[in-house]
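Written below as structure tokens is the structure these notes are about.
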Amino acid sequence: MTLTAKSVARVTLVSALLTAVAGAAIIGASPASGAASTLGAAAQQSGRYFGTAVAAGKLGDSTYTGILNREFDMVTAENEMKMDATEPNQGQFSYGNADRIVNQARNQGKRVRGHALAWHSQQPGWMQNMSGSSLRNAMLNHVTQVATYYRGKIYAWDVVNEAFADGSSGGRRDSNLQRTGNDWIEAAFRAARSADPNAKLCYNDYNTDNWSHAKTQGVYRMVQDFKSRGVPIDCVGFQAHFNSGNPVPSNYHTTLQNFAALGVDVQITELDIEGSGSSQAQQYQGVTQACLSVPRCTGITVWGIRDSDSWRASGTPLLFDGNGNKKAAYTSVLNVLNNGTDPGPTSTTSTTTTTSSNPGGGGCTATYSEGEKWSDRFNGNVTVSGTDNWIVTVTVSSPQRIIATWNTSASWDSANVMTARPNGNGNTFGFTIQHGGNWNWPSVSCRVG
């Protein structure tokens with residue numbers, strides 16, 4: 001997150017997820033009896049966190065700290081851990097304001113996200129004038145020194161921030177760090193792992209919310225490459241700065257899930273949504289539901305507490321107004337968190353069951369993959385290989401029930417067991433499960449008909 005507004009790519013998609021979730025009619029409702037009454041406590045019910053960005057200079061504001069202490073269980077320093085703040089002169093490190101935030105959070109029993117170790121922006125002047133191996137070595141020393149200083153106190157580090165370019169290239173941003181060599185991001189992650197072996201190491205960026213965007217795909221390919229080669233990356237942060245020109249995309253859940261399927265956690269790291277009233281509340285609701293529907297989405301951080309604290313204050317993008325009052329968006333988020341007490345299925349990959357009707361071979365394989373999710377239901381897809389003459393058995397667990405199918409001729413052996421056969425529309429079919437609070441995936445098996 002920069003101190004000045006980023007130029008954001010315009011997204012023309014209207015979020016189908018938000019439309020579906022809005023039908024739950026929870027905006028403006030009071031929390032249910034017995035439900036958690038704060039954001040952090042509600043998120044903890046599903047093993048997640050709900051955090052906020054904090055400025056050291058506002059810790060003397062009693063309204064500000066009152067909301068911080070009450071509502072949030074994760075803290076990110078807004079600017080105090082960035083390179084210009086922590087190493088204003090080369091080799092001379094300054095942690096005073098960052099320590100104020102870290103100590104305040106830890107004294108309140110909160111965890112801390114570190115933001116950020118290496119970034120092309122907000123570099124100290126001395127670093128801006130460097131290049132080549134001198135810059136590379138200075139960057140690695142900075143990562144090592146800061147991560148070592150905070151070893152054991154940081155839940156997750158944004159090791160590298162905003163290294164990919166906007167636009168259609170899907171490539172890296174041209175920066176002084178990039179010009180030290182394309183392996184600079186990998187080098188930063190390896191240095192961070194050596195300095196703090198127990199902190200989660202994240203890559204963080206903006207305008208990576210839409211799965212179809214080139215920038216999103218570029219980051220995805222990097223993470224995929226890092227995981228395949230053993231580069232130490234544990235999580236990917238999605239800044240999620242939305243407004244009317246850059247709304248939540250309809251494939252937002254797909255983006256989170258596809259990154260999670262690479263074997264990394266996904267975190268919404270800098271959420272703010274410009275707007276007001278029910279429209280803003282619906283978008284916050286949809287983003288929260290998208291996170292809860294992806295088991296490896298481990299938490300959400302809003303970028304500020306009150307609207308007046310935001311870097312986009314004129315857009316009133318946060319959950320509390322300038323006086324510290326809860327907005328409709330707050331209630332919508334809290335209710336989704338309270339309804340999301342089950343973190344969902346723990347597996348992040350497709351499940352495959354193969355059954356052969358002929359011991360000598362000629363069997364078939366049914367592969368299940370998850371589809372869209374909403375507050376009360378989710379879609380599943382099955383792809384069959386090995387034969388065009390298949391019979392697939394889908395078994396759901398109570399209280400789930402299948403309420404819709406497509407591309408198959410289906411019959412039910414019982415309320416929990418469906419038999420699917422080809423109907424001339426190929427070897428891929430799908431169904432919708434009303435989950436009744438049980439997010440577990442169905443089991444599938446295949447035999448030759």
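The values are calculated or read from the model by the stated rules, or taken from the named source; none is laboratory data. These figures come from a predicted structure and were not determined experimentally. Every residue, glycine as well, gets a Cβ built from its backbone with ideal geometry; the counts of neighbours run over all protein chains shown. Each accessible area value is taken on the protein alone, full model and side chains, heavy atoms only, with ligands, DNA and RNA left out. Shrake-Rupley method; radii C 1.70, N 1.55, O 1.52, S 1.80 Å.
Heavy-atom accessible surface of W412, to the nearest 10 Å², is about 120 Å², with a 1.4 Å probe and all protein chains retained.
Here the range 202-342 is treated with +1 on each Lys and Arg Cβ and -1 on each Asp and Glu Cβ, and its dipole about the Cα centre works out to around 200 debye.
Estimated at 0.36 nm per residue, the fully extended path between N137 and D166 surpasses their Cα-Cα distance by 7.7 nm.
Relative to the dominant Cα principal axis of the chain, helix 96-107 is inclined by about 50°. For the chain, the solvent-accessible area of protein heavy atoms averages 37 Å² per residue (probe radius 1.4 Å; ligands and nucleic acids excluded). Computed in the context of the full set of protein chains, the accessible area of the range 100-230 at 1.4 Å probe radius has 41% of its extent on carbon or sulfur.
What does the extension gain come out to for N416 and S314, with contour length at 0.36 nm per residue minus their alpha carbon separation?
Gain on extension, N416 to S314, equals 31.5 nm.
Computed from Cα positions, the angle between helix 277-292 and the longest principal axis of the chain comes to roughly 70 degrees.
Rounded to the nearest 10 degrees, the angle from helix 62-71 to the longest Cα principal axis of the chain is 30 degrees. Taking 30 Å as R0, compute the FRET efficiency from the Cβ-Cβ separation of R151 and R229 and round it to 0.05. Using R0 = 30 Å, I get an efficiency of 0.75. Each helix, a run of at least 4 DSSP H residues, gives -39500 (n - 2.57); summed and divided by the residues of the chain, these come to -8500 deg cm²/dmol at 222 nm. For the chain, the dipole from Cβ point charges (+1 on Lys and Arg, -1 on Asp and Glu) about the Cα centre works out to 440 debye, to the nearest 20. Length gained on full extension, S276 to S445, computed as 0.36 nm times the residue gap minus the Cα-Cα distance: 56.0 nm.
Relative to its residue count, the chain spans a Cα convex hull of 153 Å³ per residue.
Cross-link partners of K82 among lysines, defined as those whose alpha carbon lies under 24 angstrom from its own and excluding same-chain residues fewer than eight positions apart: K6, K58, K110, K153, K200, K215. Summary of packing: across the peptides 161-173, 286-298, the per-residue average of other C-beta atoms within 10 Å ranks them, highest first, as 286-298, 161-173.
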